[in-house]
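The values are calculated or read from the model by the stated rules, or taken from the named source; none is laboratory data. It should be emphasised that the depicted structure is a prediction, and the values quoted were computed from it without experimental measurement. Methodologically, a virtual Cβ is constructed for each residue, glycine included, from the backbone with ideal geometry; neighbour enumeration extends over all protein chains shown. To get the accessible areas, we keep the full protein, side chains included, count just its heavy atoms, and leave off ligands, DNA and RNA. Shrake-Rupley method; radii C 1.70, N 1.55, O 1.52, S 1.80 Å.
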Amino acid sequence: MAALRLAATMAHCLPGVRLRVRDGDRTLLTVARPPFDEDGPVVGPCVFRRVVGRAHEQLKAGTCLSFMGLAADVDPAVDAGVRPGDAVLPGGIHRVRVGDGIVHAFATTLPARHCRSVLDRGHWGDVHLHGDVATEVTLVHTVTHDGATTSAPASLEELLAALVADEVVHALGVS
């Protein structure tokens, strides 16, 4: 479910991010902004985020769920794609053009409060957080207005590494 939560937040917050939810080679669902040009089932990012958020709440309450007919213990794979000129960089950092700026972003299942405490302990540059209440995912991002920026800022890559380590510790329930 974590992969669906992360992907739903990314597709909802970042223009041009498309998702393909699949079981093996079989595409179950495409998530994209209109106009839709897909043959199979397609939903917009807002609808997908809302459904994933609702499923997340049901799972927390102990309900057993399955995704589009898959067995309850099978999680679908999620592939992210972006518009020409945008990119998905190593570590799952997305680089997308928004207006006259370039956004570098990644998502984490850590609460925004935890991410803020990590930000407050380091020198990460001008990093912003967006806590998605529906999916309980935090979008961590920077915005630059330098058209030549293609790679993620080194500080964002370092922050990603720090938060991934914290995610593992959090998932294991270690204090």
| note | The correct count of residues that are β-branched (Val, Ile, Thr) and open to solvent by 70 Å² or more (accessible area, probe 1.4 Å) in segment 42-78 is 1
| query | Since Asp132 meets every condition but one in (1) touching an Asp or Glu at 6+ places or on another chain (Cβ under 9 Å); (2) buried (at least 18 other Cβ atoms within 10 Å of the Cβ), which condition does it not meet? | reply | (1)
| task | Working carefully through the options Arg97, Arg113, find the one that is assigned to a helix (DSSP H, G or I) and at pLDDT 90 or above. | result | Arg113
| task | Just give me the residues in segment 145-166 being open to solvent by less than 40 Å² (accessible area, probe 1.4 Å) and either without any contact (Cβ under 8 Å) to a residue 40 or more places away in the chain or in a loop (DSSP other than H, G, I, E, B) (or both), in sequence order. | result | Thr149, Ala152, Pro153, Ser155
| field | Arg33 vs. criteria open to solvent by 70 Å² or more (accessible area, probe 1.4 Å) and either of a type in the set (A, V, I, L, M, F, W, C) or farther than 25 Å from Ile102 by Cβ (or both) | value | no
| note | Taking segment 16-30 and keeping only residues that are surrounded by 16 or more Cβ atoms within 10 Å (Cβ to Cβ) and either over 19 Å from Val88 (Cβ atoms) or touching a helix residue (DSSP H, G or I) at 6+ places or on another chain (Cβ under 9 Å) (or both), one is left with Val17, Arg18, Leu19, Val21, Asp23, Leu28, Leu29
| Restricting attention to segment 79-107, which residues are open to solvent by 60 Å² or more (accessible area, probe 1.4 Å) and acidic (Asp, Glu)? | Asp100
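Table: residues versus (1) within 30 Å of Thr27 (Cβ to Cβ); (2) part of a strand (DSSP E or B); (3) within 19 Å of the chain's Cα centre (by Cα).
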| site | (1), (2), (3) |
| --- | --- |
| Cys64 | yes, no, no |
| Val74 | yes, no, no |
| Gly91 | yes, no, yes |
| Val140 | yes, yes, yes |
| Val143 | no, yes, yes |
| Of (1) open to solvent by less than 60 Å² (accessible area, probe 1.4 Å); (2) over 27 Å from Arg50 (Cβ atoms), Gly173 satisfies all except one. Which? | (1)
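Being farther than 23 Å from Arg22 by Cα, modelled with pLDDT of 90 or more and of a type outside the set (Asp, Glu) narrows it down to one of Thr142, Thr150, Thr108, so name that one. Reasoning before the result, please.
On the way: Thr150 fails: modelled with pLDDT of 90 or more; Thr108 fails: farther than 23 Å from Arg22 by Cα.
One residue alone meets the criteria, Thr142.
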| field | Cross-chain or 6+ apart pairs with Cβ under 8 Å, segment 21-32 first and farther than 16 Å from Arg5 by Cα, then crowded, with 17+ Cβ neighbours inside 10 Å and not hydroxyl-bearing (Ser, Thr, Tyr) | value | Asp23/Pro76; Thr27/Arg20; Thr27/Val21; Leu28/Val21; Leu28/Phe67; Leu28/Pro76
| message | Test of understanding: among Asp100, Asp79, Asp86, Asp73, which residue is without any contact (Cβ under 8 Å) to a residue 12 or more places away in the chain and of a type in the set (Asp, Glu)? | response | Asp73
